[in-house]
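The values are calculated or read from the model by the stated rules, or taken from the named source; none is laboratory data. Small disclaimer: the values here were computed from a predicted structure and weren't measured. Here Cβ is always computed from backbone atoms with ideal geometry, including for glycine, and neighbour counts include all displayed protein chains. What goes into the accessible areas is simple: the full protein's heavy atoms, side chains included, and nothing from ligands, DNA or RNA. Shrake-Rupley method; radii C 1.70, N 1.55, O 1.52, S 1.80 Å.
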Amino acid sequence: MKERTNEEWLNTVSRRNGTDEPSSSETGDGQSVTHSVSEEGRDGQHSRTTCPECHGRLRRADDEVDAVCDDCGLVVSDATLDTNIKLYTPNGTGDQDSRVGPASTNLLHDKGLSTMIGWQNTDAKGNALSGEQRQQIRRLRRWDERFRRRSSADRNLMHALGEINRMASALGVPDSTRETAGVIYRRALADGLVTGRAVESVATAALYAASRMDDVPRSIDEVSTVSRVEQIRVERAYRHVSRELGLEIAPTDPRSFIGRTASDVECTDATEREARRLAGIAVENGVHSGKHPVGIAAGALYAAAKRCDESLRQTDIADATDVSEMTIRNRYPEILAATDTEDE
């Protein structure tokens, strides 16, 4: 069965209305049978003027309900529906009002998918609420907040994710690593790994594991500094979580700490390049096995300074890396020995 053309469909509408007049496309009278879909609907909303399939021009019949495309003959049931998606602006700074919310995130206990009563004391038209209405809205906000965290798991997750955000902000960790930490903590909570342990210790361990998985150089000492628990508890939680969840975490490369350390001690670029080369040779020869990667980086930087004839004190490097001077004195001879063996 052949599809009816636009002209035949419009003639059929005319006969149903009891007239034999030709369509407006023939007579040019835009008000007799059809008229173009206007830019402004009766209710003031923006109307669709193009076909969603071929982007042709839509024309509406007298029934004010259906519209038909001039090119492909597609019938659009509701031409006044605007399906354009407007971008989300957090503070409402966009030129147009937002119709969609922010993207889901693992940094919120409900992933940002639940509704929330806004803080504005205005109605939909922007008019200020009366005193009785403001009191009612405050009561609704309070019950809405209680309903969002009604279970112990929600309260646990809210506290842990808040701690991850706080520590990540103090360490300058990017948002992608924060998301990874949120996913790790969710898995630990689902598997019952948080039971019997402090929420802060598991949250810190999740952030440290995420920084290692995303190659964001943050040592366990740095992460423990901004945590609310002792470092030994963070280390125990990290070993427990990584073992039980089977996280594939590669050993930390000491070269990832050289850039920040070199910037803190303000050494030359030649010394920094030499330190990276020495640390790379140490890693290839297994000198870093079982040793603190920050200590290897500090020893490599001091050894590079001696090779480049730059005056760099062990005290300055120890203060920048938070390792002892004894660690630097023990590491840099091992690095130089591995380098001499490599050069031979």
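Largest first and in whole Å, the equivalent-ellipsoid semi-axes of the stretch 239-305 read 27, 13, 9, each the square root of five times a Cα gyration tensor eigenvalue. For the stretch 152-202, the Cβ-based charge dipole about the Cα centre amounts to some 60 debye (Lys, Arg positive; Asp, Glu negative; other atoms uncharged). Subtracting the Cα-Cα distance of residue 285 and residue 136 from 0.36 nm times their residue separation leaves 46.6 nm of extension gain.
Packing order of peptides 252-260, 147-155, 288-296, highest average first: 252-260, 288-296, 147-155 (average count of other Cβ atoms within 10 Å over each peptide's residues). Per residue, the stretch 166-251 exposes 46 Å² of solvent-accessible protein surface, assessed with a 1.4 angstrom probe and all protein chains in place.
Considering only 317, 332, 285, the residue lying farthest towards the positive end of the dipole of the stretch 270-344 is 317, judged by Cα position with unit charges set on Cβ.
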